[in-house]
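Here is the structure we will look at.
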Amino acid sequence: MSWTCPRCQQPVFFAEKVSSLGKNWHRFCLKCERCHSVLSPGGHAEHNGRPYCHKPCYGALFGPRGVNIGGV
């Protein structure tokens, strides 16, 4: 049985899959949308169905704004 990776659109087989955000990914396709660092399943943030690393990307893009907050 195989699934389709949401990033590369190639088949994902059982032995190579990681599950996150309700989808099955290749291990190296589960990357932050902003900085492209490889993420661990469940160890990242999500916005509009896309994965982001918690720091600094998610906080900078979607966190609170102000002095010394959110990477601004």
Quick check: residue separation of Ala60 and Thr4 times 0.36 nm, minus the Cα distance between them. What number comes out in nm?
17.1 nm
Find the Cα radius of gyration of the chain, compare it with 2.2 N^0.38 Å by division, and give the number to two decimals.
1.24
Around Pro6, with a cut-off of 14 angstrom between Cβ atoms, what is the net charge of the other residues, counting Lys and Arg +1 and Asp and Glu -1?
+4
Given R₀ = 22 Å, what would the calculated FRET efficiency be for Arg34 paired with Phe14, taking r from the Cβ atoms and rounding to 0.05?
0.15
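Where a number appears in this text, it was derived from the coordinates with a stated rule and is not lab data. What you see is a predicted model, and the numbers here were worked out from it, not measured in a lab. Counting neighbours? That spans all protein chains shown, and the Cβs are built from the backbone with ideal geometry, glycine included.
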